[in-house]
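Notes follow once the structure below has been shown.
The values are calculated or read from the model by the stated rules, or taken from the named source; none is laboratory data. Note that the structure is predicted; figures quoted are calculated from it, not measured. No Cβ is skipped: glycine too gets one built from the backbone with ideal geometry, and neighbour counts run over all protein chains shown.
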Amino acid sequence: MLDRPEVIGYGEIGHVQTMAFEHPAKKGGQGQLGRFEKLAELASNFTSSPAFSVFCVLLVVGFLAVHLAHLDTSWQHLLGDAMGAVALLLLALLKNSERRAEHAIQRKLDAIAAALLEQHPGEPGRAQRDLAKAIGIEDGE
């Protein structure tokens, strides 16, 4: 995960244009979903529905029917391209969903670790120092 902006090009005046590549869960503020996150959530819900499964089965059955019927190859290409596009979109949705879930789990683990550290005031032992270092308490995170 990169927290610093990456250079993507130069502006007309010679200044560097940057784009921050943040974790998808960090975009839009704490606990707030941006437009893309809302769209990704809706799409994720739709792609896990029976209706989408039926659509995918029909797409594959249509491809096989066109192939077995020896129809023009343009139909085969059309259905093959549609399956490729659906696969690419599903890959992007899966990765986005995975990253958001990973971040949510990490935030919960950090909260649990911080609560454990607060239970033991005084001079911390080695395990407490390692735990504090792991969750970045010194960095103010």
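Below are the figures for this structure:
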read-out	value
Qualifying positions in segment 103-141 - under 14 Å from the mean Cα position of the chain (by Cα) and in contact (Cβ under 8 Å) with a residue 24 or more places away in the chain	103, 104
So residue 92, is it within 30 Å of residue 133 (Cβ to Cβ), at pLDDT below 90, assigned to a helix (DSSP H, G or I) and of a type in the set (A, V, I, L, M, F, W, C)	no
